[in-house]
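*Asks:* The structure under discussion is supplied below as structure tokens; questions concerning it will follow.
The values are calculated or read from the model by the stated rules, or taken from the named source; none is laboratory data. No experiment lies behind these values; they were computed from the predicted model shown. Cβ sites come from the backbone with ideal geometry, for glycine too, and all protein chains shown count toward neighbours.
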Amino acid sequence: MSAMPGPQRGRSPKLLLGFVVFLFFAWGFATVLLDTLVPKLKGLFSLSYTEVMLTQFSFFIGYFFFSIPAGFILSRLGYIRASILGLAIMAVGCLLFIPATYVALFPAFLLALFIMASGITLLQVVANPFIAELGPEESSHSRLTLAQAFNSLGTTIGPWVGAILILRTGVTAPRAGLSGEALAAARRAEVHSVQWPFVGIGVALLLLAFGFWLLRRNVAPAVSANMATFRALWALRTRSRLLLGAMAIFLYVGAEVSIGSLMTNYLMQRSVLGLSAPQAGKLVSLYWGGAMLGRFLGAFVLRRIKPGLVLAACAVCTTLLALLSSATTGEVAAVALIAVGLFNSIMFPTIFALACENLGEETPNGSALLCMAIVGGAIVPVLAGATADRFGLAPSLLVPAVCYLWILAYGLLTARGLGLQRNLYSAGS
């Protein structure tokens, strides 16, 4: 990515900056609504845990398919117009919940989520470098931290709103004995609660896209025309720190999403807290709220301790908490699982920063590769769901625990160096 000329880079277009910060809030809010959507759809369509995790699969698989095309789009449209397109696509996905509710078919919701995720993927590829460029280079980290804080605010509020609007009528299946049109009518009546949060998000996104359109002639940072080409991404195959970091992102997102998706049903179990669906759904906000708090604490700690060591320490805590929750019952199991969010907090941005270290002009391409790795949110939850179906919800927590072990290893490797600054292959290979 080419840098902006000094005078332009020194400007701070506050309105444009505010819009980009709101992007972080919007996709954080929309993404965690899936945590309350999962138990609702599971009951409504009488799905197994493996089947209902197709909800997360349909959403996060979009990162795999659209991260590279998003780089192409950004390099050709620029930051502002690419943001408008991403917002429009995401809004279409949200508004597709209206026909999905009308037909009351599970695949219709999966299609809406897939389209919504394609828009979010474009916004993620756009927003991270965009906000870094909207002002002086020396304050880029503070702007990104601010944006991540608003993202965490969205992930904290989202489950609470979802619990109120989506889970207020519970998560039970339609009355037994219904079939045909009677069953479809019962599902349509029950599923109406699902659409309103997403429709509201869709309308807000269209308004935000209109705001970006009004600002489309503003001075914006230049984007490299070679961003995220297949050749450029292939050239990254020798970057060991980046590739191992991509695996860490894959497993981290998978673990985080698995826990968030299963938590409502987990807390509803009599062996844990025995809560109603709305009560359990609201407690999921504490899981994501812990991540928000942890990012503020982490910003302080990361100035004083090597990022790799902080990452490793947090991975130890998340592994032990997941194992503790799996092995216990009652309040101990509930508190341990919710507390995982606190130590999840710094993982994504820290892994991202460590993986991109010393990439130089290849940073945008490395960022696109790491965004592709978010597809872990599609794969790992399905494995956790299959484990829950076969062995129960408590044993399914072993899946994210294993994921955290790799993050522990990556933190230690980056803290100690161990040749990670060097390529996987020699220059002559």
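*Asks:* I'd like to know if segment 210-218 contains one or more residues that are at pLDDT 65 or above and closer than 30 Å to PHE343 by Cα.
*Replies:* Checked against the condition, which is being at pLDDT 65 or above and closer than 30 Å to PHE343 by Cα, segment 210-218 yields no hits at all.
*Asks:* Just to verify a result, which residue in segment 243-269, among those that are within 18 Å of LEU167 (Cα to Cα) and not aliphatic (A, V, I, L, M), is surrounded by the fewest Cβ atoms within 10 Å (Cβ to Cβ)?
*Replies:* Among residues in segment 243-269 that are within 18 Å of LEU167 (Cα to Cα) and not aliphatic (A, V, I, L, M), the one surrounded by the fewest Cβ atoms within 10 Å (Cβ to Cβ) is GLN269.
*Asks:* Look at LEU383 and say whether it is over 25 Å from PRO69 (Cβ atoms), of a type outside the set (Lys, Arg) and surrounded by 24 or more Cβ atoms within 10 Å (Cβ to Cβ).
*Replies:* no
*Asks:* Does ALA82 satisfy the condition of being among the hydrophobic types (A, V, I, L, M, F, W, C), in contact with a Pro (Cβ under 8 Å, 6 or more places away or on another chain) and assigned to a helix (DSSP H, G or I)?
*Replies:* no
*Asks:* Moving to a separate point now. Give the residue, chosen from THR156, THR121, THR145, that is at pLDDT below 75, among the β-branched types (Val, Ile, Thr) and assigned to a helix (DSSP H, G or I).
*Replies:* Criteria check complete, one pass: THR145.
*Asks:* While we're here: Which condition from (1) more than 14 Å from LEU33 (Cα to Cα); (2) touching a residue at least 60 places away in the same chain (Cβ under 8 Å); (3) assigned to a helix (DSSP H, G or I) is the one that LEU77 breaks?
*Replies:* All conditions are met except number (2).
*Asks:* Continuing with the same structure: If the Cβ limit is 7 Å and pairs must be 6+ apart or interchain, which residue in segment 45-58 that is closer than 22 Å to ALA189 by Cα pairs with which residue that is outside any loop (DSSP other than H, G, I, E, B) and aromatic (Phe, Trp, Tyr)?
*Replies:* Sorted first by the residue in segment 45-58, then by its partner, the pairs are PHE45/PHE106.
*Asks:* Take the residues of segment 41-86 that are of a type in the set (Ser, Thr, Tyr) and under 30 Å from ARG216 (Cβ atoms): which is surrounded by the most Cβ atoms within 10 Å (Cβ to Cβ)?
*Replies:* That would be SER83.
*Asks:* Just give me the residues in segment 327-353 being in contact with a Gly (Cβ under 8 Å, 6 or more places away or on another chain) and part of a loop (DSSP other than H, G, I, E, B), in sequence order.
*Replies:* Of everything in segment 327-353, those that are in contact with a Gly (Cβ under 8 Å, 6 or more places away or on another chain) and part of a loop (DSSP other than H, G, I, E, B) turn out to be SER345, ILE346.
*Asks:* Right, something else. In this structure, does ASN358 turn out to be touching a residue at least 40 places away in the same chain (Cβ under 8 Å) and in a loop (DSSP other than H, G, I, E, B)?
*Replies:* yes
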